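Peer 1: Dropping the structure in here first, questions after.
The values are calculated or read from the model by the stated rules, or taken from the named source; none is laboratory data. Computed from a predicted structure; not experimentally measured. Backbone-built Cβ (ideal geometry, glycine too); neighbour counts: all protein chains shown.
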Amino acid sequence: MLVARPSAIVCFNDLLAFGMMMELKRRGIEPGRDISLTGYDDIDEASVWSPGLTSVWNGQQEVGRLAALTLLDVVAGHPPHDMRVLVEPELRVRETTCPPKA
């Protein structure tokens, strides 16, 4: 029985996606042409990798900045704020995604 290949692979992070991309290419499968591939974190290398990796940016620097400000307030003796802050993620589509094959 022949099993159909998936149309996309979603990786836990960009580093895993880079490894998956290398293995796919080794097998003659081209991400962005034969299969879609995405990562998560949108590290700097995602935009310059070839082909460019589609990834989800999750606002790591903004989350770190807000956490540091909260910690500085606590260290200064201010009670921590009871609030929710949502840093909106953003899908950054690059060359590793393609429409599904019919």
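Peer 1: Quick one: would you say Asp14 is on the phi > 0 side of the Ramachandran plot and in contact (Cβ under 8 Å) with a residue 40 or more places away in the chain?
Peer 2: no
Peer 1: Hey, Glu95 hits all of (1) assigned to a helix (DSSP H, G or I); (2) of a type in the set (D, E, K, R); (3) at pLDDT 90 or above but one; which does it fall short on?
Peer 2: With (1) assigned to a helix (DSSP H, G or I); (2) of a type in the set (D, E, K, R); (3) at pLDDT 90 or above applied to Glu95, the lone miss is (1).
Peer 1: For the structure I just gave you, tell me whether Thr54 is in contact (Cβ under 8 Å) with a residue 60 or more places away in the chain and surrounded by 14 or more Cβ atoms within 10 Å (Cβ to Cβ).
Peer 2: No: the conditions fail for Thr54.
Peer 1: Based on what the data block shows, is Thr97 of a type in the set (S, T, N, Q), without any contact (Cβ under 8 Å) to a residue 24 or more places away in the chain and surrounded by 12 or more Cβ atoms within 10 Å (Cβ to Cβ)?
Peer 2: No; evaluated as a whole, the condition is false for this residue.
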